[in-house]
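To start, the structure itself, in structure tokens.
Please treat every number below as a calculation from the coordinates, not as lab data. These numbers come from a predicted model, not from an experiment. Don't worry about glycine lacking a Cβ; one is built from the backbone with ideal geometry, like all the others, and counts go over all protein chains shown.
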């Protein structure tokens, strides 16, 4: 699961890891609960379920690039602060 | 047997009755704050006797900070806020240690000196704090203030503890219902939003003959560069095609 085939080469994987770590830290630093973030993410068109989002935010699962984009957007719009 | 007991309304000692009226509170309170206020008023009125008025307040821990959320009267509310302002006191200690705490004579109390001095000045002589066991659903404490030394009898304490037990069970239910209602409302808003976005994605796919991911990318970029929420970008896309300003979701209740 850590290295799904759509992730591309090692460089892209490192980049995805770094991006995921930032997302995880940002979520932990916020007061937003998982279900609140997931609901917002679902509301802007997100596809993965709450469990997968939980795994992503615990750095245990990679998501397809389009979903990563929507998770980031959900955080920008819902948690606020300066957007990525 | 104490002097207090004879003055208490009949039925107060009966757990069944207390439980029944708490169930009614759950049904009648439109929100948690109202529930807690009614709880404080109920405890205060049942415990007060001529010459010994009991002021009652409820403090909950919210985002790790104590907050006075409800009280039987302004005096109790002020006393709760005073304690929370100092960040220490019998009620906060009771909350932390998860057990009943009685201060029979505030003038003889050596802990929480700053708070005690101010509370004495406000006319408080004895304090009873009983935490509400809410399991994992939250933390709350019932604070009772009396203007008399030894204002709470052993029977009073047992009564309040029984009452707090019933109240905690009801409160758990209230909290759960409130949380479920909130989640339901959030989900219904998410479905509305998703409908608008899905339609816009479909429109972009048709116009550009592209994949769903690409269409999402186009909308997201528009959202980022213009610093407008994705949902508003989607609504603008739909409006530009159809002239429709509001898009009804298909899952309206």
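By the count of other C-beta atoms within 10 Å, a proxy for reagent exposure, B:112, A:38 are ordered fewest to most as B:112, A:38. For the range A:9-78, a Kirkwood hydrodynamic radius built from all Cα pairs, placed in the Stokes-Einstein relation at 25 °C and 0.890 mPa s, yields a translational diffusion coefficient of 205 µm²/s.
Over the range B:113-224, Cα pairs under 8 Å with separation of 6+ residues give a relative contact order of 18 percent. Each of A:13, A:73, B:142, B:101 was scored by other Cβ atoms within 10 Å of its Cβ. Listed from fewest to most, they are A:13, B:101, A:73, B:142. Structural descriptor for the range A:9-78: relative contact order 41 percent, calculated from alpha carbon pairs under 8 angstrom and at least 6 residues apart.
Dividing the mean sequence gap of close Cα pairs (under 8 Å, 6+ apart) by how many residues the range B:186-242 holds gives a relative contact order of 39 percent.
Please compute, over every Cα-Cα pair in the range B:138-246, the percentage with a separation greater than 21 angstrom.
On the way: 3553 of 5886 pairs.
So the portion of pairs separated by more than 21 Å is 60 percent.
Extending 7 Å from Cα along the Cβ direction at residue A:34 and again at residue B:184 yields two label points whose distance is 2.4 nm. If R0 is 45 Å, the Cβ-Cβ spacing of residue A:60 and residue B:240 corresponds to a FRET efficiency of close to 0.60. Model label points for residue B:155 and residue B:78, set 7 angstrom from Cα along the Cα-to-Cβ axis, are 3.2 nm apart.
Among A:54, B:80, a tally of other beta-carbon atoms within 10 Å of each Cβ gives an order, fewest to most, of A:54, B:80. How many angstrom lie between the C-alpha centres of the range A:23-50 and the range B:206-244? Spelled out, the Cα-based centre of one part sits 21 Å from the other.
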